[in-house]
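Just below is one structure, and these are the notes that go with it.
The values are calculated or read from the model by the stated rules, or taken from the named source; none is laboratory data. The model shown is predicted, which means the values in this text are computed figures rather than measured ones. Heads up, the Cβs are rebuilt from the backbone with ideal geometry, glycines too, and the neighbour counts pull from every protein chain shown.
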């Protein structure tokens, strides 16, 4: 039920709304700025989940006349929006913590806050692991961004929990805003990581080296049918990969044979990298040589 992209997003919505309700109530009861920071972070998680719903719905639309390459980049745009929200949350938490240090305040009913943070940690661990699993299975950048966002909650909630325990037994109230600042630093680090990855996709950064190595291995498999390949270009939009390359073939090969070679190569690449669109430009070998027609040793001139 929750193993698809939309199912995982629905699960996120259920869990995040529940955690928000708990944290807001307890933050009001205890007056803890660190719990307030956690509830604010969860509010942003809720907004991120809503953005995820929208992004996945649009990204799943098939290519059309106005969008011949599909709508996959909507996921990466949404991930960038999430990054901005995460960074804004970190800044607001720091501001609130500094104000608390200046004015001073007492945390009340620390036991209640400890219980809520423990529940939040357990729920966030299971949710982030599930989101990361679905993100890898579906190659979804927006779900991966959500997974990182929820994982940051685990670390920050653990810090808040430790601080509340110390406050409960030592009465060191200054720890509450200090821990909130530590939480903010973790949140900011997560935001920068999400922003860097999503922006790299938006500016068409090449596929990771391990994925390009799989492409080259698929080309080399064609053996005697090819002389070399060059101008390999790769990029990604959402879960969809786009690959372009030039193949040099012996002049003796017919158009039909060239077509079959390209078909086999496309199938081989897609078997290694799902959700891939392959564009191949075929060129004849520039010189007549027996090696081209017999052994066909493949040389990568630019790839």
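Details
- Against the list (1) buried (at least 21 other Cβ atoms within 10 Å of the Cβ); (2) more than 19 Å from residue 82 (Cβ to Cβ), the condition residue 187 fails is (2).
- Qualifying residue in the stretch 159-168 (condition: within 25 Å of the chain's Cα centre (by Cα) and buried (at least 18 other Cβ atoms within 10 Å of the Cβ)): yes
- A count restricted to the stretch 122-134 and to residues that are in contact with a helix residue (DSSP H, G or I) (Cβ under 6 Å, 6 or more places away or on another chain) and free of Cβ contacts under 8 Å to residues at least 60 places away in the same chain stands at 3.
- The listed residues are 19, 50, 13, 46, and the only one of them that is within 24 Å of the chain's Cα centre (by Cα), part of a helix (DSSP H, G or I), in the same structural domain as residue 124 (by TED's automatic domain parsing) and buried (at least 20 other Cβ atoms within 10 Å of the Cβ) turns out to be 19.
- Taking the criterion of being buried (at least 20 other Cβ atoms within 10 Å of the Cβ) and either touching a strand residue (DSSP E or B) at 6+ places or on another chain (Cβ under 9 Å) or at pLDDT 85 or above (or both), the only residue of the stretch 96-122 that qualifies is 120.
- Whether a residue is surrounded by fewer than 20 Cβ atoms within 10 Å (Cβ to Cβ) and within 20 Å of residue 138 (Cα to Cα) was assessed, and residue 271 passes this test.
- Residue match in the stretch 133-151 (condition: in contact with a strand residue (DSSP E or B) (Cβ under 7 Å, 6 or more places away or on another chain), assigned to a loop (DSSP other than H, G, I, E, B) and at pLDDT below 75): no
- Of all residues in the stretch 242-280, those that are over 15 Å from residue 223 (Cβ atoms), over 32 Å from the mean Cα position of the chain (by Cα) and part of a loop (DSSP other than H, G, I, E, B) total 3.
- Any hit, the stretch 202-224, residues being in a helix (DSSP H, G or I) and under 30 Å from residue 40 (Cα atoms): yes
- Evaluation of residue 245 against the conditions (1) crowded, with 20+ Cβ neighbours inside 10 Å; (2) closer than 26 Å to residue 74 by Cβ; (3) in contact with a helix residue (DSSP H, G or I) (Cβ under 8 Å, 6 or more places away or on another chain) shows that the sole unmet condition is (2).
- Residue tally, condition buried (at least 19 other Cβ atoms within 10 Å of the Cβ) and at pLDDT 80 or above, over the stretch 206-228: 4
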